[in-house]
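Student: The following block contains the structure, expressed as structure tokens.
The values are calculated or read from the model by the stated rules, or taken from the named source; none is laboratory data. These numbers come from a predicted model, not from an experiment. Every residue, glycine as well, gets a Cβ built from its backbone with ideal geometry; the counts of neighbours run over all protein chains shown. Note: accessible area is taken over every heavy atom of the protein model, side chains too, but ligands, DNA and RNA are not part of it. Shrake-Rupley method; radii C 1.70, N 1.55, O 1.52, S 1.80 Å.
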Amino acid sequence: MIELRTPTQIEQMRPAGRFVADVITRLSEVADVGMNLLELDAVAHEMIRERGAESCYIDYHPSFGASPFGKVLCTSVNDAVLHGLPHDYVLQDGDLLSVDFAASVDGWVADSALSVVVGTPRQEDLDLIATTGRALEAGIAASTVGNKIGDISAAIAGVARAAGLAINTQFGGHGVGRTMHGDPHIPNDGRAGRGYKLKAGLVIAIEPWFLHTTDEIYTDADGWTLRSADRSRGAHMEHTVAITPDGPLVLTARG
């Protein structure tokens, strides 16, 4: 069921968006060569505790997960692109790290993701991150009243295809509100002018993610982490966006 939020409710979602943005920013600042993924998760956990927020991940157990997630942060490194379960791994020079974080503040959820390189970057990784960021911007720009879900999907896909990237549609954007995942599903590829007509009050997470040379993924032995079939690296970007009469409002904007 697709739910629309009133202007008052969208205002009530702003604190969740700001908090999630603050956590993502902090994680991008402290992530560095020599840091353990479990330490990153601990940073996010402490910020949740200090804010009095609630994790959307720790008890999360959808059909595609082997067990309750058990952590508060997704940390996907190199050939891992989504749902990375934090584990005892120390970041190495040149690692491509994607962090994905969602939390509830005062009963409202926000969701965001960011990819960074720790240490010495490879140019191809920087290019992939930049392309994924441009795809997110294009998806946000298409999130206007009167457009359709397909317009968002087509805008994202247009950026990816221009960069020569393949596109996986198994996982993508989604509705956000009282829970982390809701309707509608927003694939990262689609046909403009098709699908649900966007209305004021719709709040969605838009999240392009791409791999260097494939669109095929598999689930790691941990039952959660999704990795590229050919070991190529991935990047992931996400913002929570409210559709308003005045245009898209990015609730998780950083800075």
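Student: Out of the residues in segment 156-184 meeting the condition of being without any contact (Cβ under 8 Å) to a residue 24 or more places away in the chain and not in a loop (DSSP other than H, G, I, E, B), tell me which one is most open to solvent (accessible area, probe 1.4 Å).
Tutor: Result: ARG161.
Student: Kindly list, by first and then second residue, each pair from a residue in segment 111-135 that is over 27 Å from GLY190 (Cα atoms) to a residue that is basic (Lys, Arg), limited to pairs with Cβ atoms under 9 Å and residues at least 6 apart or on different chains.
Tutor: Going by the 9 Å Cβ cut-off, the qualifying pairs are ARG122/ARG233.
Student: Test of understanding: among ASP41, ASP100, which residue is of a type outside the set (Gly, Ala, Ser), open to solvent by 10 Å² or more (accessible area, probe 1.4 Å), in a strand (DSSP E or B) and at negative phi?
Tutor: Exactly one residue qualifies, and that residue is ASP100.
Student: Next question. Take segment 55-70 and flag every residue that is modelled with pLDDT of 95 or more and either under 18 Å from the mean Cα position of the chain (by Cα) or open to solvent by less than 30 Å² (accessible area, probe 1.4 Å) (or both).
Tutor: Those that are modelled with pLDDT of 95 or more and either under 18 Å from the mean Cα position of the chain (by Cα) or open to solvent by less than 30 Å² (accessible area, probe 1.4 Å) (or both): SER55, CYS56, TYR57, ILE58, PHE69.
Student: Could you check segment 186-251 for strands (runs of 3 or more DSSP E) lying wholly inside it with 2 or more residues that are among the aromatic types (Phe, Trp, Tyr)?
Tutor: 209-211
Student: Inspect all residues belonging to segment 197-220 and state whether any of them is within 21 Å of LEU73 (Cα to Cα) and surrounded by fewer than 14 Cβ atoms within 10 Å (Cβ to Cβ).
Tutor: yes
Student: Report every pair of residues separated by at least 6 positions or lying on different chains whose Cβ atoms are under 9 Å apart, first residue within segment 185-200 and among the basic types (Lys, Arg), second open to solvent by less than 60 Å² (accessible area, probe 1.4 Å) and assigned to a strand (DSSP E or B).
Tutor: So the pair list comes out as LYS199/ILE243.
Student: Anything in segment 2-38 that is under 18 Å from the mean Cα position of the chain (by Cα), among the hydrophobic types (A, V, I, L, M, F, W, C) and part of a helix (DSSP H, G or I)? List them, or say none.
Tutor: Selection gives MET13, ALA16, PHE19, VAL20, ALA21, VAL23, ILE24, LEU27, LEU37.
Student: If you don't mind, another one. When you go through GLY175, GLY133, GLY119 one by one, which is the residue that is under 30 Å from MET35 (Cβ atoms) and within 13 Å of the chain's Cα centre (by Cα)?
Tutor: Unique residue meeting the criteria: GLY133.
Student: Scan segment 1-19 and report the pairs whose first residue is farther than 16 Å from ALA205 by Cβ and of a type outside the set (Gly, Ala, Ser) and whose second residue is open to solvent by 50 Å² or more (accessible area, probe 1.4 Å) and modelled with pLDDT of 95 or more, with Cβ atoms within less than 8 Å and a gap of 6+ or a chain change.
Tutor: Listed pairs, sorted by first residue: MET1/ASP183; GLN12/ASP106; PRO15/ASP106.
Student: Among the residues of segment 185-194, write down those that are crowded, with 20+ Cβ neighbours inside 10 Å and of a type in the set (Gly, Ala, Ser).
Tutor: Of everything in segment 185-194, just one residue is crowded, with 20+ Cβ neighbours inside 10 Å and of a type in the set (Gly, Ala, Ser), namely GLY190.
Student: So, GLY107, is that one open to solvent by 20 Å² or more (accessible area, probe 1.4 Å), modelled with pLDDT of 95 or more and within 20 Å of THR252 (Cβ to Cβ) or not?
Tutor: yes
Student: Quick one: LEU73 ticks every box in (1) open to solvent by 10 Å² or more (accessible area, probe 1.4 Å); (2) under 27 Å from ALA130 (Cβ atoms); (3) within 16 Å of the chain's Cα centre (by Cα) except a single one, so which number is it?
Tutor: All conditions are met except number (1).
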